[in-house]
Structures are given as C-alpha cells and as structure tokens.
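The values are calculated or read from the model by the stated rules, or taken from the named source; none is laboratory data. If you're wondering where the values come from, they're calculated on a predicted model, not measured in any experiment. All Cβ positions, glycine included, derive from the backbone under ideal geometry; neighbour counts span all protein chains shown. These accessible areas exclude ligands, DNA and RNA; they are computed on the full protein's heavy atoms, side chains included. Shrake-Rupley method; radii C 1.70, N 1.55, O 1.52, S 1.80 Å.
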Amino acid sequence: MTTTHHLTALAEDHLAAARTADHGRSAELILHEDQLRQSVIALVEGSALEEHNAPPAAGLQVLTGRVRLTAVSGDVELGPGDLHAIPRERHGLTALTDAVVLLTVVTA
C-alpha cells in the first residue's frame, strides 16, 4: 500500500522542528521505492547542509523560503516553486531564509 504525504503539512511540521533543533535542521525520508528516494528537509535561516558528494541523479524543489545551492560549477539561488537539478559534483545547501525543500534522489 502506498502512503500519501501532504507536503504543505510536512513542511510546516519540519520547519517547526528545525526552529527548535540545535543544528537548525529537520528532515524525513518520505518515499523509498527501489532506487528512488524523496526527503523533506527544513532549514532555518543561516543553517546549511555542508558540502557533500552528489548521487547519480537528483533534483531539489523549494517548497517554502529561499536557499542557495553551492557547487564548483556555480551557485544558484532558489525560491518557492523552483525546481533545479543537483550538479553531479560536490555541493552544499544554505538557507537564505527559513526554508523547506523536497530532495529527490535516484541512487543507481
């Protein structure tokens, strides 16, 4: 049986949790089907996901707020509704405002 998730409610819940977390983040893996993974990630303004390796394929959709995706090939600022492919290189993510993103990853 497939579980349905309401992204707006998840965004609100995780942003509230991020605001009380010492590291300013909250995340949940909401979909795990074979090689497909989707996670909701909330970040308070100024918090970051430090530089890390890229999966084989990934996309980032901003649900609320503004973020900066950093990479060797160049930085990009994203806002609500923006969808951007994650470059296949080391990259990081910084919250320019309180923000929630949906990360979609294909692992193989």
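Tabulated data
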| quantity | calculated |
| --- | --- |
| Members of segment 71-83 found to be out of contact with any His (no Cβ under 6 Å at 6 or more places or on another chain) and either open to solvent by less than 20 Å² (accessible area, probe 1.4 Å) or of a type in the set (Ser, Thr, Tyr) (or both), listed by number | 73, 79 |
| Search result, residues across segment 1-57 that are crowded, with 17+ Cβ neighbours inside 10 Å and part of a loop (DSSP other than H, G, I, E, B) | 24, 44, 47 |
| One residue from 90, 37 being touching an Asp or Glu at 6+ places or on another chain (Cβ under 7 Å), of a type outside the set (Val, Ile, Thr) and within 22 Å of residue 107 (Cα to Cα) | 90 |
| Considering residues of segment 58-94 that are under 13 Å from the mean Cα position of the chain (by Cα) and outside any strand (DSSP E or B) only, the residue farthest from residue 12 (Cα to Cα) | 86 |
| Number of the exception - residue 75 against (1) touching a helix residue (DSSP H, G or I) at 6+ places or on another chain (Cβ under 9 Å); (2) without any contact (Cβ under 8 Å) to a residue 12 or more places away in the chain | (1) |
